[in-house]
Amino acid sequence: MGSLDIPVLLEGVSVRAGSVRILHDLVLTVVPGEAVGVFGANGAGKTTLLRLIATLLKPSEGSVTVLGSDATSDDRFGVRPRIGYVGHVPGLYPELTLEENLRFVADVRGIDHGAVSSSLEAVGLLGAARRLAERCSHGMQRRTEFARVLMTEPDLLLLDEPHSALDGDAVDLVEAIVDRTVSAGGAAIVVSHDQTRVSDMTTRTVEIVDGGVR
């Protein structure tokens, strides 16, 4: 974990795609040790919000500060290693094995390769370590992304519909990873359509309505 900067501070944020307004004058603060659940109708802007916070998208208006840095400046490249982002589509190289995917991340981050095996074991995939990612089920690919989160220990965890395609054991794994992150002084944002399930694993929830949060 890094220093205890305010993980997320969004002020007056708007996002437009052409003439379509996705988010409007949105304000959101997430403090260390907090897990926030985000809900909203389809198309409300939940994934757009996560991409903003992950520094993958710039706002049309307003300011986005993530882990103490302006997410629209070159500082974002230094912040990204401190963010664990699990999106709708698994972010794995399909032509690599599960183990090779994690070893690549370990090499970039300077993490010992021993953490690769221990992380895969923690998510129940050690026996499938040498299977190509493209030959794994969606659920196995998502587990591998959770293994990456365990290995990299992010200060800010961003999960987009994390329970999708998971069995019961993996659902418990999601809760454990969120708890681990916030217990270490980090923060988590969990986007989901399952309000009951996410409410049980977060400290508060917000809803995106008309482009803002309430």
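The values are calculated or read from the model by the stated rules, or taken from the named source; none is laboratory data. A quick note: this is a predicted structure, and the numbers were derived from the prediction, not measured. A quick note on method: Cβ atoms are made from the backbone with ideal geometry, for glycine too, and the neighbour counts reach across all protein chains shown. Protein only, heavy atoms only, side chains kept; ligands, DNA and RNA dropped before computing areas. Shrake-Rupley method; radii C 1.70, N 1.55, O 1.52, S 1.80 Å.
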Report the residue count in region 177-198 for those that are open to solvent by 50 Å² or more (accessible area, probe 1.4 Å), in a helix (DSSP H, G or I) and either touching a strand residue (DSSP E or B) at 6+ places or on another chain (Cβ under 7 Å) or modelled with pLDDT under 95 (or both). 3
Among Leu166, Leu157, which is assigned to a strand (DSSP E or B) and either among the aliphatic types (A, V, I, L, M) or open to solvent by 60 Å² or more (accessible area, probe 1.4 Å) (or both)? Leu157
Can you find even one residue in region 90-101 that is at pLDDT below 95 and open to solvent by 40 Å² or more (accessible area, probe 1.4 Å)? yes
Working only within region 56-71, note down all residues that are open to solvent by less than 50 Å² (accessible area, probe 1.4 Å), in contact with a Ser or Thr (Cβ under 8 Å, 6 or more places away or on another chain) and in a loop (DSSP other than H, G, I, E, B). Pro59, Ala71
Just to be sure, is Thr29 of a type in the set (S, T, N, Q), open to solvent by 50 Å² or more (accessible area, probe 1.4 Å) and in a strand (DSSP E or B)? yes
Count of region 162-208 residues which are of a type in the set (Val, Ile, Thr) and either without any contact (Cβ under 8 Å) to a residue 40 or more places away in the chain or more than 23 Å from Pro7 (Cα to Cα) (or both): 4
Answer residue from region 5-25, given it is touching a residue at least 60 places away in the same chain (Cβ under 8 Å) and over 14 Å from Lys58 (Cβ atoms) and is most open to solvent (accessible area, probe 1.4 Å) among those: Arg21
Kindly indicate whether Ala128 is open to solvent by less than 20 Å² (accessible area, probe 1.4 Å) and closer than 17 Å to Ile177 by Cβ. no
